[in-house]
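The values are calculated or read from the model by the stated rules, or taken from the named source; none is laboratory data. All values derive from a computational prediction rather than experimental measurement. Using ideal geometry, Cβ is built from the backbone for each residue, glycine included, and neighbour counts are taken over all protein chains shown.
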């Protein structure tokens with residue numbers, strides 16, 4: 001039991017962060033607007049949760065301009081993908097018990 | 001957290017993965033209709049050719065142009081119906097019709113089809129007509145298999161079926177017409193019904 005709980009990652013201990021990671025592991029990248037719409041959350045909410053994931057280096061943020069519009073793209077890092085996988089496996093194990 | 005919450009997490013994860021990477025509003029009904037158009041179009045072409053003076057198709061003359069027009073009408077009607085019904089279904093599902101998932105779907109679907117289409121035009125220009133039906137089926141099947149990663153995975157099986165039909169058609173070029181009817185007509189209807197029962201009727 002203790003082993004499994006070690007793999008439950010604190011950084012994912014929130015539905016929105018888990019949501020951001022779910023989208024980024026199956027897509028090459030997602031931009032701010034896409035994430036916001038898929039998750040159905042506000043700008044501020046997304047900004048703060050993505051910042052938390054960026055801080056632990058689970059996602060990478062790229063800011064650029066498309067024409068004159070600023071565009072922010074989010075990518076999952078290798079570390080983020082690995083940790084996410086461990087987290088999901090731990091969730092599944094807990095459910096099987 | 002209780003296990004109910006964990007289960008909710010897992011469901012939410014799966015749901016977001018699918019919604020962000022796959023376009024799920026393909027309409028089964030449009031498959032049934034496309035197949036029906038193809039069968040009607042083929043029946044008309046068959047009637048035209050067998051009632052002509054020669055009883056077989058040659059490449060110049062009125063009948064050939066009518067058959068081409070027939071084929072064009074079937075394609076336009078099928079694509080039009082698919083766009084109309086899919087847009088309607090996407091609206092009902094609250095899914096966007098034109099976003100990253102549809103763009104990816106179209107690019108992957110159209111790459112083999114456009115390459116194949118151009119190839120068919122090239123060999124037609126070199127007076128090699130025998131394999132046209134086989135090539136159409138083959139490239140269409142490849143397009144479907146390629147696109148299946150970005151939409152309902154089931155269209156993969158339609159793709160494999162079209163590829164098999166295309167290859168069989170290449171072995172029996174004389175039966176090209178019947179393979180074409182089977183692949184573009186009957187298979188679309190069967191597959192459309194399966195999709196309709198599985199996804200639309202809820």
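Table: residues versus (1) assigned to a helix (DSSP H, G or I); (2) in contact with a helix residue (DSSP H, G or I) (Cβ under 6 Å, 6 or more places away or on another chain); (3) surrounded by 13 or more Cβ atoms within 10 Å (Cβ to Cβ).
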| position | (1), (2), (3) |
| --- | --- |
| A:62 | no, no, no |
| A:80 | yes, no, yes |
| A:84 | yes, yes, yes |
| A:87 | yes, yes, yes |
| A:90 | yes, yes, yes |
| A:94 | yes, yes, yes |
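No other residue among B:38, B:90 is within 15 Å of the chain's Cα centre (by Cα) and surrounded by 15 or more Cβ atoms within 10 Å (Cβ to Cβ) apart from B:38. For the condition in a loop (DSSP other than H, G, I, E, B) and either in contact with a strand residue (DSSP E or B) (Cβ under 8 Å, 6 or more places away or on another chain) or on the phi < 0 side of the Ramachandran plot (or both), residue B:153 qualifies.
Does residue A:3 meet the test of being more than 9 Å from chain B (Cβ to nearest Cβ), more than 12 Å from the chain's Cα centre (by Cα) and either surrounded by 13 or more Cβ atoms within 10 Å (Cβ to Cβ) or modelled with pLDDT of 90 or more (or both)? The answer is no for residue A:3.
The single condition from (1) part of a helix (DSSP H, G or I); (2) away from chain B (no Cβ under 12 Å); (3) closer than 15 Å to residue B:20 by Cα that residue A:21 fails is (2). Quick check on residue A:72: is it modelled with pLDDT of 85 or more, touching a helix residue (DSSP H, G or I) at 6+ places or on another chain (Cβ under 6 Å) and surrounded by fewer than 18 Cβ atoms within 10 Å (Cβ to Cβ)? So residue A:72 passes the test. Figure legend. Inter-residue proximity from region B:94-105: first residues away from every other protein chain (no Cβ under 12 Å), second residues crowded, with 18+ Cβ neighbours inside 10 Å, beta-carbon distance below 6 Å, spacing 6+ or different chains. Indicated pairs: B:97/B:90; B:102/B:23; B:105/B:23; B:105/B:147; B:105/B:150; B:105/B:151. Within region B:15-43, residues that are away from chain A (no Cβ under 14 Å) reach partners that are surrounded by 22 or more Cβ atoms within 10 Å (Cβ to Cβ) and outside any helix (DSSP H, G or I) with beta carbons closer than 6 Å, at six or more positions or on different chains, in the pairs B:26/B:151. Which one is modelled with the highest pLDDT among residues in region A:37-48 that are in a helix (DSSP H, G or I) and within 14 Å of another protein chain (Cβ to nearest Cβ)? Looking at the filtered set, the residue picked out is A:46. Scanning region B:94-136 for residues that are in contact with a strand residue (DSSP E or B) (Cβ under 7 Å, 6 or more places away or on another chain) and modelled with pLDDT of 85 or more gives B:102, B:105.
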